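Just below is one structure, and these are the notes that go with it.
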2 protein chains.
Amino acid sequence: MAETAELVEFDRGTCLRLLAHGVVGRVVFTDAAMPAAQPVNYVLDGEEIIFRTAGGSKLAAATRRAVVAFQVDDIDVDTHIGWSVLGIGEAYEVTDTDRLAELVERLPAPWASGRTAHTIAIPLPRLTGRRLCLGDADTG
Amino acid sequence: MAETAELVEFDRGTCLRLLAHGVVGRVVFTDAAMPAAQPVNYVLDGEEIIFRTAGGSKLAAATRRAVVAFQVDDIDVDTHIGWSVLGIGEAYEVTDTDRLAELVERLPAPWASGRTAHTIAIPLPRLTGRRLCLGDADTG
């Protein structure tokens with residue numbers, strides 16, 4: 001992306017609107033002191049990312065009261081034009097039963113049968129995004 | 001993804017084949033001590049990820065002899081089935097002129113005109129991947 005008029009940084013409202021329409025994003029976390037990213041289904045609940053992860057999973061452990069990032073993008077593979085949004089916040093497990101009951105309705109798939117699962121929320125105190133034109137060398 | 005027969009971990013060869021067919025991936029790095037991920041165009045050169053970034057950019061600074069991850073996925077938004085590959089290695093700048101000349105031919109778009117740019121390589125000593133079925137709670 002050239003440092004010209006094409007560089008468009010999104011405001012918070014635009015970032016949230018884009019997140020609200022996404023389905024799959026990537027949790028960016030630390031795994032054994034190494035950077036890691038893993039795709040998950042998510043929904044936006046207010047201004048928090050919500051996803052589910054199995055009890056005992058790497059992702060469940062890594063997102064327990066840890067500062068993580070959440071990244072969503074949509075890029076046309078032919079034109080290389082699109083957008084990317086990155087949120088950063090301290091993840092926590094949702095344990096409020098009323099909220100859990102409501103989220104179960106909204107999360108896109110049923111719970112894995114016969115397994116425990118955790119519902120993780122990532123608040124987004126830091127939220128940035130921008131239009132991408134990956135044809136040029138990146139300036140970010 | 002349920003911990004059943006659907007959980008398929010890929011071997012290194014499969015991961016490399018999937019990376020070879022990708023176009024856009026995400027550099028996972030640390031930015032001001034915070035986790036970050038940024039999409040880039042890339043090519044696979046041997047067993048190294050190659051992408052370009054502008055001189056002075058955040059990404060150029062963050063990938064200078066730093067251990068970073070590189071993540072590529074392809075997920076059907078309707079079925080939530082797909083795959084994700086994650087490589088980890090110490091990024092370095094490609095400065096060999098012969099190799100740079102060859103890479104310029106392969107990288108999918110011209111250099112941003114009138115700007116300096118860096119060609120960054122990420123070796124992949126650690127490379128993992130797996131089939132995803134995001135409908136169920138994640139187990140990773």
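The values are calculated or read from the model by the stated rules, or taken from the named source; none is laboratory data. Because the structure is a prediction, the values reported are computed rather than measured. Ideal geometry is used to build each Cβ from the backbone, glycine not excepted, and the neighbour counts take in all protein chains shown. All accessible areas refer to the heavy atoms of the entire protein, side chains included, with ligands and DNA or RNA removed. Shrake-Rupley method; radii C 1.70, N 1.55, O 1.52, S 1.80 Å.
Miscellaneous remarks
- Among B:63-74, A:13-24, sorting by the average number of other beta carbon atoms lying within 10 angstrom of each residue, highest first, gives B:63-74, A:13-24.
- Proximal charge balance of residue A:89 [Cβ under 10 Å; K/R count +1, D/E count -1]: -2
- 10 Å Cβ neighbours from other chains, averaged over peptide A:117-126: 1
- Scaling against 2.2 N^0.38 Å puts the C-alpha radius of gyration of region A:32-72 at 1.19.
- Computed over region A:26-126, the range of Cα coordinates on each principal axis works out to 43, 33, 28 Å, biggest value leading.
- Interchain or long-range residues, amide H under 5 Å from residue A:66's placed H: A:91
- Take residue B:98, move 7 Å from Cα toward the beta carbon, and the resulting point lies 7.0 nm from the same point in each other copy, nearest first.
- Calculated FRET value between residue B:20 and residue B:96, using beta carbons and R₀ = 25 Å, to 0.05: 0.70
- Alpha-carbon centroid distance for the pair region A:77-106 / region B:14-86, whole angstrom: 21 Å
- Protection proxy ranking, highest mean first, for peptides A:47-57, B:27-37, B:91-101: A:47-57, B:27-37, B:91-101, where packing is the per-residue count of other beta-carbon atoms within 10 Å, averaged.
- Remark: mean inter-chain Cβ contacts per residue of A:27-38 equal 6, using a 10 Å Cβ-Cβ cutoff to other protein chain atoms.
- Using a 1.4 angstrom probe on protein heavy atoms only, the contact between A and B buries about 3600 square angstrom of accessible area, both sides summed.
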